[in-house]
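Working notes, structure below.
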There are 2 protein chains.
Amino acid sequence: MNEMKGEWKLIEWIRKRTQLNPAMVPIGPGDDMALVSLGGDSQCLVTVDVLLEGTHFDLAKATPRQVGYKAMAVSLSDAAAMAAKPLCAVAWVGLPDNRDMAFAEKICLGMSDAAERFACPIVGGDITSWKGGLTVGTTLIARPAGVKPIRRNGAKAGDLVFVTGDLGGSVLGRHLTFSPRVGEARQLAAIATLHAMIDLSDGLSTDLGHICRESGVGAEIQADVIPISANAVRLSKADGRTPLEHALNDGEDFELLLAVEPVDAQDLLKQNPLGDVRLTCIGKIVEGREVTLVGPDGSKSPLPPGGYEHFR
Amino acid sequence: MNEMKGEWKLIEWIRKRTQLNPAMVPIGPGDDMALVSLGGDSQCLVTVDVLLEGTHFDLAKATPRQVGYKAMAVSLSDAAAMAAKPLCAVAWVGLPDNRDMAFAEKICLGMSDAAERFACPIVGGDITSWKGGLTVGTTLIARPAGVKPIRRNGAKAGDLVFVTGDLGGSVLGRHLTFSPRVGEARQLAAIATLHAMIDLSDGLSTDLGHICRESGVGAEIQADVIPISANAVRLSKADGRTPLEHALNDGEDFELLLAVEPVDAQDLLKQNPLGDVRLTCIGKIVEGREVTLVGPDGSKSPLPPGGYEHFR
């Protein structure tokens, strides 16, 4: 469940209106997944994500199979952000009425690709044709198996901030083919105390802002250590914005951003726990509310949310 | 989860492709909700439904609050069809980019109306603006509390067939304001052995076809006892189709259709278990595969699925 800046107000509105019983809903709206009690000790996590033609994909650049894959992968990335174990998904397709069954099958095939890869079967769905654009969505159910769900709101001053992978330029193709960090998140949660975690859907600057706001803390990020993707550099040559700006603000990286207990963070820095997936310490959580970017010369500047924003 | 006739093929395709572990997923695609194991004795049911502008509602005739209500109510009706207890829902809105926050809030208000009425809190959601039409969807999680989930595939020759409420003409407004039969279904399941149940989303003729196909049986329905709504009569005067045709085929009644163990059916006929909600015995389940309509003179004619159909 992504949270765009403008969307935030609506989520706050829903939060205020809905009196949730914390025994029934230990984690409500505003995190990557909600946590719901099923009675006794049994709990499940749930998230919903919807992809809309023209906003989240362009059929001139994406195959229907890729769109189906992305729909599932975005929800799997939410499960990763909570360090949860995906259990099953339901999916739906709003199919433009000029598209045929073969097109719909390709979307389902893409969803199956992700479902099989992450052992998260699609157990139901709904397909309807309409006069509108293509819309594909998934709801994923997960279990808090082995580790407690990692929330956005637990970051503490002194925590070190890490990201997985390289950031920026996802629009050049990676947003359709990325690998949700489900295994990596559960591995990190098993070996280190993670105080907060989120997946980078809206962009580093925006998603770090979510963690800081929810946790009531600030952060200082070192500009010169942010892992910048080759695609951020490519985009930079085309549009004149710096590779760093792309890495900070592009969004749809679907990497993990985490705030780690300082002692454990030192261990993570010595190890290489994720193998081929890079793990980089990019800064620290601080007291206060300000999120700042620290330049190579030590100069500090505010790092406002700069990811994709609705209702602008 | 509705199943339109043309959609059926796609569901079959997904069913064949996806090897579901029956221990993990006791009820997979093709019923009103899927049943999923969460480990131990713990299970949950899940359904997804999506409403698309122009297909499921017309903003010239429906308020945004009604659209929000309908989105939740359709999923609640799926829970009713399984005699399950709704637990929570997640919701999403694809918002046309010419609509504002106030419009989105009205949709949420409508979803809240249904959520509060059925004690089924909305625990998460996703709202995104786009260039397309309005799309609103919900995923509902329910529990099989007290009674086992009632499936579509258990009807037996000799069962009597019942419907709740009056049928047809829902398009005149009831499809936006109907009351999902959640309590009624659980009440019926508590006092009678229900071999199969479905909610009438696609129309009596189509949904009865689903039960018969899944159960491997036929049915004989008495034309002169089908409860016809006043709106079916009104529509009939406008379009020249008979009120019976409307009651058989219109769809979106969101009433319950059930196949009841004969002994218990006799008890139901003597009682008036649902109070103001009419319960009518409209026919019986028979051996074979044919679904027939029996006229007042005893003449039999095939009753093919005639509800709304995609991919026609």
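Here are the numbers for the structure shown:
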{"read-out": "Of the criteria (1) open to solvent by 20 Å² or more (accessible area, probe 1.4 Å); (2) in a loop (DSSP other than H, G, I, E, B); (3) more than 14 Å from chain A (Cβ to nearest Cβ); (4) more than 27 Å from residue B:59 (Cβ to Cβ), which one residue B:149 fails", "value": "(3)"}
{"read-out": "Residue ID - nearest to the chain's Cα centre (by Cα), chosen from residues in the stretch A:124-146 that are among the small types (Gly, Ala, Ser) and open to solvent by 10 Å² or more (accessible area, probe 1.4 Å)", "value": "A:145"}
{"read-out": "Given (1) over 21 Å from residue A:38 (Cβ atoms); (2) modelled with pLDDT under 90, index of the condition residue B:50 fails", "value": "(2)"}
{"read-out": "Flag for residue A:235 being more than 16 Å from the chain's Cα centre (by Cα) and touching a residue at least 40 places away in the same chain (Cβ under 8 Å)", "value": "yes"}
{"read-out": "The lone exception for residue B:26 - which of (1) within 8 Å of chain A (Cβ to nearest Cβ); (2) surrounded by fewer than 24 Cβ atoms within 10 Å (Cβ to Cβ); (3) within 22 Å of the chain's Cα centre (by Cα) it fails", "value": "(1)"}
{"read-out": "Number of the exception - residue A:186 against (1) in a loop (DSSP other than H, G, I, E, B); (2) among the charged types (D, E, K, R); (3) open to solvent by 10 Å² or more (accessible area, probe 1.4 Å); (4) closer than 21 Å to residue A:86 by Cβ", "value": "(1)"}
{"read-out": "Residues of the stretch A:238-261 satisfying the condition of being at positive phi and either in contact with a Phe, Trp or Tyr (Cβ under 9 Å, 6 or more places away or on another chain) or of a type in the set (S, T, N, Q) (or both)", "value": "A:251, A:252, A:254"}
{"read-out": "Matching strands (runs of 3 or more DSSP E) fully within the stretch A:35-136 where at least 1 residues are among the hydroxyl-bearing types (Ser, Thr, Tyr)", "value": "A:43-52, A:122-130"}
{"read-out": "Breaking point among (1) assigned to a loop (DSSP other than H, G, I, E, B); (2) open to solvent by 20 Å² or more (accessible area, probe 1.4 Å); (3) aliphatic (A, V, I, L, M), for residue A:155", "value": "(2)"}
{"read-out": "Members of the stretch A:258-274 that are under 21 Å from the mean Cα position of the chain (by Cα) and closer than 15 Å to residue A:165 by Cα", "value": "A:258, A:273, A:274"}
{"read-out": "All helices (runs of 4 or more DSSP H) inside the stretch A:202-254 with 2 or more residues being of a type in the set (Gly, Ala, Ser)", "value": "A:204-215, A:230-239"}
{"read-out": "Of residues in the stretch B:98-123 being among the acidic types (Asp, Glu) and within 9 Å of chain A (Cβ to nearest Cβ), the one surrounded by the most Cβ atoms within 10 Å (Cβ to Cβ)", "value": "B:105"}
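The values are calculated or read from the model by the stated rules, or taken from the named source; none is laboratory data. Keep in mind that what you see is a predicted model, and the values were worked out from it rather than measured. Quick reminder, even Gly has a Cβ in these numbers, built from the backbone with ideal geometry, and neighbours come from all protein chains shown. With ligands, DNA and RNA removed, areas are computed over all heavy atoms of the protein, side chains included. Shrake-Rupley method; radii C 1.70, N 1.55, O 1.52, S 1.80 Å.
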